[in-house]
Every structure is written in structure tokens, then in C-alpha cells.
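The structure under discussion appears below in the form of C-alpha cells.
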Amino acid sequence: MKAPTSSGGETSLCDFRQVYRDLDPQLRQKLFDKGIRYTRTQKKVGSYFTFDVSDMVGWPEIYDTSDKEEVEKLCAKEGTPVQWAGPNKDTFVSITQSQPFQIHPITK
């Protein structure tokens, strides 16, 4: 895998501690109970005519290899589940379950 860049990415535009406090307590509890499911889908070839940044690069660029077995090995090291979808089984799909909130240990 390639090392992440030191610039770019996304910047928070609000105080997420306040967003958390503003959530209805029943909704917060439902999110805690169920968690959040993330589905990541990467085609083999990226699409340069899209507003979805994640669609701009294909999985061979992300993992620096076009060998699916190598991608599977890299993902296994990270604990990332992998499925191959599409008519040619060349679309990377990873589905993970996560906790909805991460409470900062200092600022809470």
C-alpha cells in the first residue's frame, strides 16, 4: 500500500462534540446498539468524470498492484474483509461494521 499523503483530505466544519450532544438520545442508543456498516466499492479502473473522489482511482492504484491475491493478502494483514464482485469479478468490495462514535479521551 502507498503511504498516505500529508496534505489533502477533509476538514471538519463543525464541532462534532456538539453534534453528538444534539442527537436525540434514542437515536444515539440505536446507533450504539446497531453500529454502522461501511461498504467500500472500488472498480478496477477509476472514473475521471465523477464528483465522487473515491471513484476516481481504481483498486490497483490504491494497493499498488493489479494482482487480486496480493490485494487479499494486504487486506488480510489489516483485517479488512474482501469480496470480488461484478461480471468479471474485478470490483473490490469490503463491508465492515464499526462503532458509530469515538469519544476523544481528553476533550470528550
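The values are calculated or read from the model by the stated rules, or taken from the named source; none is laboratory data. Bear in mind the structure is a predicted one, so any value in this text is a computation, not a measurement. Don't worry about glycine lacking a Cβ; one is built from the backbone with ideal geometry, like all the others, and counts go over all protein chains shown. SASA here: full protein model, heavy atoms, side chains in, ligands and nucleic acids out. Shrake-Rupley method; radii C 1.70, N 1.55, O 1.52, S 1.80 Å.
Quick notes on this one:
- Within segment 65-93, restricting attention to residues that are under 17 Å from Arg40 (Cβ atoms) and of a type in the set (D, E, K, R), the residue that is most open to solvent (accessible area, probe 1.4 Å) is Lys77.
- In segment 42-65, the residues that are in a loop (DSSP other than H, G, I, E, B) reach residues that are exposed (fewer than 15 other Cβ atoms within 10 Å of the Cβ) and modelled with pLDDT of 85 or more with C-beta atoms within less than 6 angstrom, at least six apart or across chains, in these pairs: Gly46/Met56; Gly58/Val45.
- Candidate set from segment 99-108 (those that are hydrophobic (A, V, I, L, M, F, W, C) and open to solvent by 60 Å² or more (accessible area, probe 1.4 Å)); member that is modelled with the highest pLDDT: Ile106
- Flag if Thr96 is closer than 30 Å to Pro25 by Cα, surrounded by 11 or more Cβ atoms within 10 Å (Cβ to Cβ) and not small (Gly, Ala, Ser): yes
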